[in-house]
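Peer 1: First, the structure itself, so that you have it in front of you.
The values are calculated or read from the model by the stated rules, or taken from the named source; none is laboratory data. This one's a predicted model, so the numbers in the text were calculated from it and none came from an experiment. Here the Cβ positions follow ideal geometry from the backbone for every residue, glycine too, while neighbour counts run over all protein chains shown. For the accessible areas, the whole protein counts, side chains as well, though only heavy atoms, and no ligand, DNA or RNA atoms are used. Shrake-Rupley method; radii C 1.70, N 1.55, O 1.52, S 1.80 Å.
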Amino acid sequence: PAKPAPVAVPARAPAPARTAPAASSPIDSEGLELVAPDGGSLQLRVRTELGKAVMRRFGPDGEFWDDRQCVLERGAGRHWVVSPIPGTVNETLVNGETLTSPRTLRQGDQIAVGRAARGIVKLPLRARAQ
């Protein structure tokens with residue numbers, strides 16, 4: 001039997017070089033929106049304490065938040081800032097790291113509660129300008 005003719009396989013183009021993502025900019029809008037993984041959102045325009053009562057709207061993981069977990073407010077330069085409230089059972093996390101002092105929020109930052117050392121993250125919310 002005749003052997004099939006060889007087939008030319010096109011060469012692959014080299015993969016584009018990866019560059020580090022540009023640092024996101026601080027959120028300095030009038031409003032702030034927190035978006036849950038399921039698409040639900042919370043829109044803020046004034047200083048707001050986040051805690052269990054507010055977070056229950058996003059489902060059962062809201063129970064992991066303390067009654068008073070953290071505060072979101074506009075600080076110097078109109079930037080939105082997240083500040084932890086001392087004495088909470090679970091840590092306030094920003095991008096998976098424990099929040100120990102006020103921090104300016106940047107586009108796409110993730111706010112959640114849990115334990116950074118154990119990799120536990122509950123109810124992550126993405127921050128974005130409104």
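Peer 1: Going by accessible area, probe 1.4 Å, with all protein chains left in place, what is the ranking of PHE58, PHE64, largest first?
Peer 2: PHE64, PHE58
Peer 1: Let me ask something else about it. Give the ranking of THR92, THR104, THR48 by solvent-accessible surface, highest area first, calculated with a 1.4 Å probe. Provide the component values of the computation, followed by the final result.
Peer 2: On the way: THR92 5, THR104 55, THR48 25 Å².
Accessible-area ranking of THR92, THR104, THR48, largest first: THR104, THR48, THR92.
Peer 1: What nm value, rounded to one decimal, do you get for the distance between ARG115 and ASP28 when each label is placed 7 Å out toward the C-beta?
Peer 2: The answer from the label model is 4.0 nm.
Peer 1: Right, here's the next one. Please give the solvent-accessible surface of SER25 in Å², to the nearest 10, using a probe radius of 1.4 Å with every protein chain present.
Peer 2: Counting only protein heavy atoms, the figure is 70 Å².
Peer 1: Ok, one more. Please state the shape class of segment 44-130: rounded when a/c is under 1.5, otherwise prolate if a/b exceeds b/c and oblate if not, all from the C-alpha gyration tensor.
Peer 2: Because a/c hits 1.5 or more and a/b exceeds b/c, segment 44-130 counts as prolate.
Peer 1: To continue, here is another question. Restricting to Cα pairs below 8 Å that are 6+ residues apart, what does the relative contact order work out to for segment 67-130? Please round to a whole percent. Please list the in-between numbers first.
Peer 2: On the way: 119 pairs, mean separation 16.4, N = 64.
With pairs under 8 Å counted, the relative contact order is 26 percent.
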